[in-house]
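Asker: Quick one: the structure is below, questions incoming.
FYI, it's all coordinate maths here, none of it is from the lab. As the structure is a computational prediction, the values presented were derived from the model and not from experiment. Here the Cβ positions follow ideal geometry from the backbone for every residue, glycine too, while neighbour counts run over all protein chains shown.
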There are 2 protein chains.
Amino acid sequence: MMKAELLTIGDEILIGQIVNTNAVWMARQLNEAGIRVVHMSSVSDEKNAILNAFAEAGKRAELVLITGGLGPTRDDITKVTFCEFFNTKLILDENVLKDVEGFFTKRGKELSEVNRKQAEVPEGSRVIRNKNGTAPGMWMEKDGTIYVSMPGVPFEMKAMVTDDILPELKKRYTLPFIYHKTILTQGIGESMLAELISDWEDGLAAKKISLAYLPSPGMVRLRMSSSGSSEEELKNRVEQELLKIEPLIRKYIYGYEEYGKEQPTMEEILGNLLKERGLKLALAESCTGGYISHLITSVAGSSAYYNGGVVPYHNEFKQALLRVDASVFDTVGAVSQACVEAMAREVMVTFKATASIAVSGIAGPSGATDDKPVGTTWIAVALNDKVVSKQFTFGDNRQRNIQMTAITGMNMLRKLISGESEQ
Amino acid sequence: MMKAELLTIGDEILIGQIVNTNAVWMARQLNEAGIRVVHMSSVSDEKNAILNAFAEAGKRAELVLITGGLGPTRDDITKVTFCEFFNTKLILDENVLKDVEGFFTKRGKELSEVNRKQAEVPEGSRVIRNKNGTAPGMWMEKDGTIYVSMPGVPFEMKAMVTDDILPELKKRYTLPFIYHKTILTQGIGESMLAELISDWEDGLAAKKISLAYLPSPGMVRLRMSSSGSSEEELKNRVEQELLKIEPLIRKYIYGYEEYGKEQPTMEEILGNLLKERGLKLALAESCTGGYISHLITSVAGSSAYYNGGVVPYHNEFKQALLRVDASVFDTVGAVSQACVEAMAREVMVTFKATASIAVSGIAGPSGATDDKPVGTTWIAVALNDKVVSKQFTFGDNRQRNIQMTAITGMNMLRKLISGESEQ
């Protein structure tokens, strides 16, 4: 199997200023194309560090995808170092110059000297034109390894990988198949899950299937992988095992990741279900402060099933906007079954909706009372006249409590709609 | 200066299932402690890859922080490989066993055999107890390099770094000072910024100050760095330059990152300003779908200045909840000055607020019209009876449009409150 290495150049990664999301995206694309990422590295904007990284990567991999250090500013030195590694020099590429000029003209801006330099590429390189920016990609080869240097701006890099690099690799090489099946679970921790499927897991290695646990707040994804030359055989092998594991953990499963597609998020799965059933969603969020609404509307086309939401961040607005009875606050308080159920029902009226999620909790760090520690959360979900509610105690961390509440609430509504609710 | 390497172990990184946020956090902590991160690597859960990575890291760095591969599940092999590298064996640590038992007792769960194994540590290691989970940290040394293995769960790893590893390093070594000053800008791109400060930037190298451009959607952070032995001298050197650059880019500056502190977000800066002035915020979000509300409420203590928000995701709710006149939709449409100004005024009434942000735009990919392409966005901000509004054309990408709108809206309100508005 072709081995790849991802190399990120830039001090901003090493000093912790930015998260390396490019590497995640590229790894996923390569993996799905049957190319194995064996190593990822980040080095600083220093000539020797870059040259060493190029040389080391060449020993480990046949494909090295490099991002970063191609910006117009002075701290970016990838391009000259690239030339030095390949013992070549920079020359002006007329096509790229036209691209760069076009980019500026289209935006009504003037081309600066700094930007003009972006049209220079190493002599002998295969140039990858940049549809979304000014720095071109550069493809060079040395000792059996392909090196491709790309800009670090995510949507510029992504277009190059998708539209040029992967098609070119597929043209030149016969890539093997990797088959993944990922089960998405919610509401159970990693070790509990491991206990439940222990006997089944024992038999996996003999079937040449590897299993990985991928936890994130509120969720664990279980990924089975197998590689070989026959896609059909791999698929059968993995799907056979799926039939065995499903009964063991059925009530925690909220979906699957389809082979070759982006992992579906909970908000996409819920969104699809709402659309399918012709339902309209409304949200009443207190402790999540709009986070569920943000997740729902992150999905393109969500206006087809999402009517709107309200964030009543103080009790008086829960009362004024969602008609929660004042006596609720005086007796059981805002973090209570009575409060979230009232919110869930009323927000459907406000937004003429047929389904809703309402949450109220103590996200922390302050707000705890004697009987309600930080993390105490009530969630209600409603479908027409049916309301289901439940109390949770998530934990001490504000961001995590917000995430856990959002994911749990969306899954509760998904279960209610699909008839999987335990009540 | 002490050199460090960060090593992440786990297939989930290499196949692109998770983003390596641990590395970012650790890099920042080390950097601020005067330790230079020279390299970051990710390798798979394979013995030889891990052993090679340990050996290579030892050549580059005096400190190697390792995360991942310590979970209770079978795909995690860091601990046995760690033993092999140091030529030692696993022994049961009674203190750790007590921690693990306590962890399960506290949660009313039973200790499994799998979890019991987590109390085993390499003989001869300095054990770092885990306050937030079950896998302990392990500190070993070889050929002048310190290796510390930690669990990959962020809040478990973070407590170990903050409470044990950094204090221990400071006790053993005299670490130099690195002084950073980061200017936060909004509303100008990287190359335009570079042009504006070009002459000033020419003189920086002679003053031993390095400059980095750190772009993120809607913002560019400019970071000056200098290192040496006298904190006072470094500080003076950098602050002198700050006085020169400020006048060149003043209208784009929305804040600064204070030395040794987490970078303040726009929502924190705005939140502090609202609190200081005793203002109460309300939000009316259409195209951002609750994202601004989510950002505002991500800040602990935001209930002191945030009253609430509404997401009227269809015109009829803009009309019903925020009294936007029906004629607006028939004439100029929902993405218009008239619409956002009405929303900004009315949402203050709804939530008894004294400041507001209202947004309406075409986030995409659908919804564009002949005269309003995807990315067209109107933003209004209000302070008591003053309203300022502006139209923007952000771009083609939905997520980016949401982020740009949120950050721009918050900055517009910040400017209005602090008297920096251009109108």
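Asker: Kindly state, to the nearest 0.05, the FRET efficiency for A:Glu84 paired with A:Arg129, given R0 = 30 Å and r defined as their beta-carbon distance.
Answerer: Efficiency for this residue pair is about 0.80.
Asker: Let me ask something additional. I'd like to know which of B:Leu193, A:Asn48, A:Thr405 lies farthest towards the positive end of the charge dipole of the protein assembly as shown, counting +1 on Cβ of Lys and Arg and -1 on Cβ of Asp and Glu.
Answerer: Highest projection toward the positive end goes to A:Thr405.
Asker: Tell me what chain B gives for mean residue ellipticity at 222 nm when only DSSP H runs of n ≥ 4 count, each as -39,500 (n - 2.57), the sum divided by the residue total, rounded to 500 deg cm²/dmol.
Answerer: Helices in chain B give a 222 nm mean residue ellipticity of -11500 deg cm²/dmol.
Asker: Could you grab the relative contact order for segment B:177-257? Cα pairs under 8 Å, six or more apart, rounded to a whole percent.
Answerer: 48
Asker: Additional query: Enter the angle in degrees (range 0 to 90, nearest 10) between the Cα long axis of helix A:94-106 and the first principal axis of the Cα atoms of chain A, meaning the one along which they spread out most.
Answerer: The answer is roughly 40 degrees.
Asker: For chain A, modelled as a GNM with alpha-carbon contacts under 10 angstrom, which of A:Arg60, A:Arg107, A:Arg250 fluctuates the most?
Answerer: Highest fluctuation of the listed residues: A:Arg107.
Asker: Shifting gears a bit: Going by the alpha-carbon gyration tensor, a ≥ b ≥ c the square roots of its eigenvalues, is segment B:320-423 rounded (a/c under 1.5) or, if a/c is not under 1.5, prolate (a/b greater than b/c) versus oblate?
Answerer: Oblate, since a/c reaches 1.5 and b/c is not below a/b.
Asker: While we're looking at this one, here's another question. Taking 8 Å as the Cα distance limit and 6 or more residues as the minimum spacing, I'd like the relative contact order of segment B:357-411 as a percentage. Mind dumping the intermediate values first?
Answerer: Details: 95 pairs, mean separation 19.8, N = 55.
For segment B:357-411, the relative contact order is 36 percent.
Asker: Is there a quick way to get the dipole size of segment B:177-257? I mean about its Cα centre, with the Cβ of Lys and Arg at +1 and of Asp and Glu at -1; what is the value in debye to the nearest 20?
Answerer: 120
Asker: OK, next. Assign one of three labels to the protein assembly as shown, namely rounded, prolate or oblate, based on the Cα gyration tensor with a ≥ b ≥ c the square roots of its eigenvalues; rounded applies when a/c is under 1.5, prolate when it is not and a/b is larger than b/c, and oblate otherwise.
Answerer: Note, shape of the protein assembly as shown comes out rounded.
Asker: Contact order normalised by length for segment A:119-183, with contacts defined as Cα pairs under 8 Å and 6 or more residues apart; what percent is it?
Answerer: Relative contact order comes out at 22 percent.
Asker: I've got another one for you. Taking the Cβ-Cβ separation of A:Glu258 and B:Asp325 as r and a Förster radius of 51 Å, what is the calculated FRET efficiency to the nearest 0.05?
Answerer: Numbers: r = 46 Å, r/R0 = 0.90.
Plugging the Cβ-Cβ distance into 1/(1 + (r/R0)^6) gives 0.65.
Asker: Measuring label to label, 7 Å along Cα→Cβ, what does A:Asp143 give against each other copy in nm, shortest first?
Answerer: Nearest to farthest, the other copies are at 2.0 nm.
Asker: Using θ = phi - 60° and the Karplus relation 6.51 cos²θ - 1.76 cosθ + 1.60, list the HN-Hα couplings for segment B:179-187 in order, rounded to whole Hz, with x at every Gly or Pro.
Answerer: 3J(HN,Hα) across segment B:179-187, in whole Hz: 10, 10, 10, 10, 9, 9, 10, 9, x.
Asker: Which one, B:Thr78, B:Asn115, B:Leu166, is farthest towards the positive end of the dipole of segment B:3-172 when Lys and Arg carry +1 and Asp and Glu -1 on their Cβ?
Answerer: Going by the Cα projections, it comes out as B:Leu166.
Asker: Which distances, in nm and shortest first, link the A:Gln399 label point to the same label point in every other copy, taking 7 Å along Cα→Cβ?
Answerer: When each copy's label point is compared with this one, the spacings are 1.6 nm.
Asker: What's the exposure ranking of B:Leu65, A:Leu111, B:Leu243, going from fewest to most Cβ atoms within 10 Å?
Answerer: On the way: B:Leu65 30, A:Leu111 17, B:Leu243 8.
With the sparsest Cβ surroundings first, the list reads B:Leu243, A:Leu111, B:Leu65.
Asker: Then there's this: Looking at the square roots a ≥ b ≥ c of the eigenvalues of the Cα gyration tensor of segment B:177-257, which shape do they give, rounded for a/c under 1.5, prolate if a/b is larger than b/c, or oblate? Walk me through the numbers before you get to the answer.
Answerer: Working: a/c = 2.00, a/b = 1.65, b/c = 1.21.
Taking the square roots of the gyration eigenvalues as a ≥ b ≥ c, segment B:177-257 is prolate.
Asker: Here is a follow-up. Which order results if A:Lys275, A:Lys98 are arranged by neighbouring Cβ count within 10 Å, fewest first?
Answerer: Placing the least packed residue first, the sequence is A:Lys98, A:Lys275.
Asker: Another question, if that's okay. Take chain B, connect every pair of alpha-carbon atoms lying under 10 Å apart with a spring to form a Gaussian network, then pick out the residue of B:Cys83, B:Cys339, B:Cys287 with the largest mean-square fluctuation.
Answerer: Comparing B:Cys83, B:Cys339, B:Cys287 in a Gaussian network model of chain B, the most mobile one is B:Cys83.
Asker: Show which lysines lie in cross-link reach of A:Lys98 when reach means a straight Cα distance below 27 angstrom and same-chain residues fewer than eight apart are skipped.
Answerer: A:Lys79, A:Lys89, A:Lys106, A:Lys109, A:Lys117, A:Lys131, A:Lys158
Asker: If you take all C-alpha pairs in segment A:123-182, what percent of them are over 15 Å apart? Working shown, then result.
Answerer: Working: 995 of 1770 pairs.
Value for segment A:123-182 (Cα pairs over 15 Å): 56 percent.
Asker: Compute the long axis of helix B:266-276 from its Cα atoms, compare it with the longest principal axis of the Cα atoms of chain B, and write down the angle in degrees, 0 to 90, nearest 10.
Answerer: Approximately 70 degrees, to the nearest ten.
Asker: Could you identify the residue of B sitting closest to the B-A rotation axis by Cβ and state that distance rounded to whole angstrom?
Answerer: Closest Cβ to the B-to-A rotation axis, residue and whole-Å distance: B:Gly290, 2.
Asker: When the convex hull of the Cα atoms of chain B is projected onto a plane and the area is averaged over all directions, what value comes out in nm²?
Answerer: 25.3
Asker: Report D for segment B:52-158 in µm² per second (integer): Stokes-Einstein, Kirkwood Rh on Cα pairs, 25 °C, 0.890 mPa s.
Answerer: Here the translational diffusion coefficient equals 173 µm²/s.
Asker: Note the angle between two axes, namely the Cα long axis of helix A:231-249 and the longest principal axis of the Cα atoms of chain A, as a number of degrees from 0 to 90, rounded to the nearest 10.
Answerer: Taking Cα atoms only, the helix is inclined about 30 degrees.
Asker: Another question, then. May I ask you to report, in nm to one decimal and beginning with the shortest, the distances from B:Lys109 to the same position in the other copies, taking label points 7 Å along Cα-to-Cβ?
Answerer: Values, ascending and in nm: 5.1.
Asker: If you place +1 on the Cβ of every Lys and Arg and -1 on the Cβ of every Asp and Glu, how big does the dipole about the Cα centre of the protein assembly as shown come out, in debye to the nearest 20? Before the final figure, lay out each step's value.
Answerer: Working: 96 positive and 108 negative charges, 135 e Å.
Here the size comes out at about 640 debye.
Asker: Another question, then. Where nothing but the Cβ of Lys and Arg (+1) and of Asp and Glu (-1) is charged, how large is the charge dipole of segment A:223-328 around its Cα centre, in debye to the nearest 20?
Answerer: Taking the Cα centre of segment A:223-328 as origin, the dipole is about 380 debye.
Asker: Between B:Pro122, B:Pro365, B:Pro215, find the one with the highest GNM mean-square fluctuation for chain B; connect C-alpha pairs within less than 10 Å.
Answerer: B:Pro365
Asker: While we're looking at this one, here's another question. Cα to Cα, under 18 Å, and not fewer than 8 places away if on the same chain: which lysines meet these conditions relative to B:Lys235?
Answerer: B:Lys181, B:Lys207, B:Lys208, B:Lys244, B:Lys261
Asker: May I ask which residue of B:Val324, A:Leu63, A:Ile9 lies farthest towards the positive end of the charge dipole of the protein assembly as shown, with charges of +1 (Lys, Arg) and -1 (Asp, Glu) on Cβ and the Cα centre as origin?
Answerer: B:Val324
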